[in-house]
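**Student:** One structure follows; several queries about it will come next.
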Amino acid sequence: MSPVPVPRVTLSGGLEVCRVLNGMWQVSGAHGPVDRAAAVKDMQAYVDAGLTTFDMADIYGPAEEIFGLFNSQLKSKSSETSVPALQGLTKYVPRPGPMERKVVEKALQRSMARMQVDSLDCVQFHWWDYKDKRYLDALGHLSDLQQEGVIRELALTNFDTQRLEEITNKGIRISSNQVQYSVVDQRPAARMEQFCVANNIQLLTYGTLAGGLLSERYLGRAEPRSREELYTASLSKYKNMINSWGGWSLFQDLLVTLETVAKRHGCSVASVATRYVLDRPAVGGVIVGCRLGVAGAGQHISDSLRSCSPELKLTADDLAAIEAVTSRSRDLMASIGDCGDEYRG
Ligand SMILES: NC(=O)c1ccc[n+]([C@@H]2O[C@H](COP(=O)([O-])OP(=O)(O)OC[C@H]3O[C@@H](n4cnc5c(N)ncnc54)[C@H](OP(=O)(O)O)[C@@H]3O)[C@@H](O)[C@H]2O)c1
């Protein structure tokens, strides 16, 4: 039986991606050991459910190779039966240094070889230090390589509004910016969203489930503090964010409210947290991290499908109840800065 079609968004270069994307940072090794063969096997359930878009990076350990293995397996089946097309979004995260064309080209060729593709659906560029303006050199070459057909969508990750504007003003066409966005971390709403809407740039978001903290699993739980409790890189990253935002007690108030909303709609807290972000202006898609190759991988697929189903509609009352809690939080724009500033000292 074919799956119900997953809602999609079209990026400015014409690539259609699912509104819920499968995140592959979880197979980088930072979240625990990775069984590559099991990870490749687990990808099938997502594709069978219609979730065909995967997000990875050149710095996510074996993620691009795992995608490549799955991609080639899928292609080899295509002579027997029709197989769905995958969308593989990667990131180019160079160490600051000379950004000559040959450096950029070599990095893209490595990603293509690992992903077993002849061209890249989408390259999301990250840069660590705005004082080093060579990000403009890199983006110039990426834009040329896009014209030559090596890349379909040229995108960014963790760029702030000021630099996004600078890059756009140079005539470089950016399809999307991948940033942290959740009920907790709403910094994109301050400036980023408005610029993106005006310039047809989609936001692809991460941290939307705070590594799983934004779920029933943590409702009524004592504050997790130890490495054993915060057992993935995501959990500790977003626990720090919750500390900056307002602390565990306020977070519990938020979970109680999200659970009330979830019960009204007969869905999970995670689905409400995802829908909330999907409904924000400029948000094209939410990336949900998948612990491929770990027991229980795939268990959240039905929640993800529910989150992006047009039938899940948050009401004005739902939004007001959430706002009543989030308005009691600290201002993360003031303490951290705009999108991506957490990566720059
Ligand atoms: N550009 C960047 O700088 C950047 C940074 C971080 C992430 N990302 C991207 O975003 C992706 C998402 O990663 P993230 O770190 O932000 O993690 P996340 O999506 O906030 O959290 C993922 C975790 O949430 C749990 N989860 C997922 N669906 C759930 C559900 N329906 N109910 C309960 N728990 C659920 C799972 O935990 P269990 O596995 O324990 O069940 C999963 O491992 C990454 O893979 C990567 O592609 C990009």
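The values are calculated or read from the model by the stated rules, or taken from the named source; none is laboratory data. Small disclaimer: the values here were computed from a predicted structure and weren't measured. With ideal geometry, Cβ positions are generated from the backbone for all residues, glycine too; neighbour counts draw on all protein chains shown. Protein only, heavy atoms only, side chains kept; ligands, DNA and RNA dropped before computing areas. Shrake-Rupley method; radii C 1.70, N 1.55, O 1.52, S 1.80 Å.
**Student:** In nanometres, what is the gap between the two model label sites at Leu219 and Ala189, each 7 Å from Cα along Cα-to-Cβ?
**Tutor:** Output for this residue pair reads 2.2 nm.
**Student:** Normalised by the number of residues in the chain, what is the relative contact order in percent for Cα pairs under 8 Å and 6+ residues apart?
**Tutor:** Relative contact order comes out at 22 percent.
**Student:** Also, I was wondering about something else. Report the FRET efficiency, 1/(1 + (r/R0)^6), for Gln73 and Thr10, where r is their Cβ-Cβ distance and R0 is 35 Å, rounded to 0.05.
**Tutor:** Plugging the Cβ-Cβ distance into 1/(1 + (r/R0)^6) gives 0.80.
**Student:** Let me ask something else. Could you work out the relative contact order of the stretch 169-324, using alpha carbon pairs under 8 angstrom and six or more residues apart, expressed as a whole percent?
**Tutor:** Here the relative contact order equals 27 percent.
**Student:** Could I ask something else about it? Name the most mobile residue of Arg221, Arg280, Arg152, meaning the one with the largest mean-square fluctuation, in a Gaussian network model of the chain with Cα contacts below 10 Å.
**Tutor:** Ranking Arg221, Arg280, Arg152 by mean-square fluctuation puts Arg221 first.
**Student:** Using alpha-carbon pairs under 8 Å, 6+ residues apart, how would you state the relative contact order of the stretch 122-184 in percent?
**Tutor:** Answer for the stretch 122-184 is 39 percent.
**Student:** For the stretch 281-322, what % of the accessible area comes from carbon and sulfur atoms, probe 1.4 Å?
**Tutor:** Exposed carbon and sulfur together represent 57 percent of the surface.
**Student:** While we're here: About its Cα centre, what dipole magnitude does the chain give when the only charges are +1 on Lys and Arg Cβ and -1 on Asp and Glu Cβ, stated in debye to the nearest 20?
**Tutor:** About 300 debye.
**Student:** Here is a further query. What does the extension gain come out to for Asp253 and Arg101, with contour length at 0.36 nm per residue minus their alpha carbon separation?
**Tutor:** 49.6 nm is the gain from fully extending Asp253 to Arg101.
**Student:** Given a 10 angstrom Cα cut-off, can you work out which residue in Ala39, Ala324, Ala138 is the most mobile in a GNM of the chain?
**Tutor:** Ala324
**Student:** For Gly23, enumerate residues with amide H under 5 Å from its amide H, sequence gap 5+ or separate chain, H modeled in the peptide plane.
**Tutor:** Amide H neighbours of Gly23, under 5 Å, 5+ apart: Asp55, Val288, Gly289, Cys290.
**Student:** Looking at the square roots a ≥ b ≥ c of the eigenvalues of the Cα gyration tensor of the stretch 106-164, which shape do they give, rounded for a/c under 1.5, prolate if a/b is larger than b/c, or oblate?
**Tutor:** Verdict is prolate for the stretch 106-164.
**Student:** Here's something else I'd like to know. Taking a ≥ b ≥ c as the square roots of the Cα gyration tensor eigenvalues, with a/c under 1.5 meaning rounded and otherwise prolate when a/b beats b/c, else oblate, which class fits the chain?
**Tutor:** oblate
**Student:** With a point put 7 Å past each Cα toward its Cβ, work out how far Arg328 is from Ala295 in nm, to one decimal.
**Tutor:** Taking the simple label geometry, Arg328 and Ala295 are separated by 3.8 nm.
**Student:** I'd like to know which of Pro7, Ala85, Ile59 lies farthest towards the positive end of the charge dipole of the chain, counting +1 on Cβ of Lys and Arg and -1 on Cβ of Asp and Glu.
**Tutor:** Looking along the dipole axis, the top candidate is Ile59.
**Student:** OK, next. The stretch 264-345: which trypsin sites (Lys or Arg not before Pro) are DSSP loop and have at most 16 other beta-carbon atoms within 10 angstrom?
**Tutor:** Lys313, Arg328, Arg330, Arg344
**Student:** Just to verify a number: FRET efficiency for Tyr130 and Ile59, C-beta to C-beta distance, R0 = 25 Å, to 0.05?
**Tutor:** Given R0 = 25 Å and the Cβ-Cβ separation, E is 0.85.
**Student:** When the chain is fully extended, how far beyond the present Cα-Cα distance does Glu228 get from Asn243, taking 0.36 nm per residue of separation?
**Tutor:** 3.6 nm is the gain from fully extending Glu228 to Asn243.
**Student:** Per residue, how much accessible area does the chain show when a 1.4 Å probe rolls over the protein heavy atoms, in square angstrom?
**Tutor:** Here the per-residue accessible area is 43 Å².
**Student:** Of the DSSP beta bridges with both residues in the chain, give the percent that are antiparallel, rounding to the nearest 5.
**Tutor:** 10
**Student:** Lys/Arg Cβ at +1, Asp/Glu Cβ at -1, dipole of the chain taken about the Cα centre: which of Val34, Ser249, Thr260 is farthest positive-ward?
**Tutor:** Checking the options against the dipole of the chain, the answer is Val34.
**Student:** Next question. Distance in nm between label sites at Lys41 and Ser82, each 7 Å beyond Cα in the beta-carbon direction?
**Tutor:** 3.0
**Student:** Quickly estimate the mean residue ellipticity at 222 nm for the chain, helices only: each DSSP H run with n ≥ 4 gives -39500 (n - 2.57), and the total goes over all residues, rounded to 500.
**Tutor:** -12000 deg cm²/dmol
**Student:** If exposed GluC sites (Glu not before Pro) are those in a DSSP loop with at most 12 other Cβ within 10 Å, what is the longest stretch of the chain that has none?
**Tutor:** Here the longest segment lacking exposed loop sites spans 229-310.
**Student:** Apply the a/c threshold of 1.5 to the C-alpha gyration tensor of the stretch 80-207 and tell me whether it is rounded, prolate or oblate.
**Tutor:** oblate
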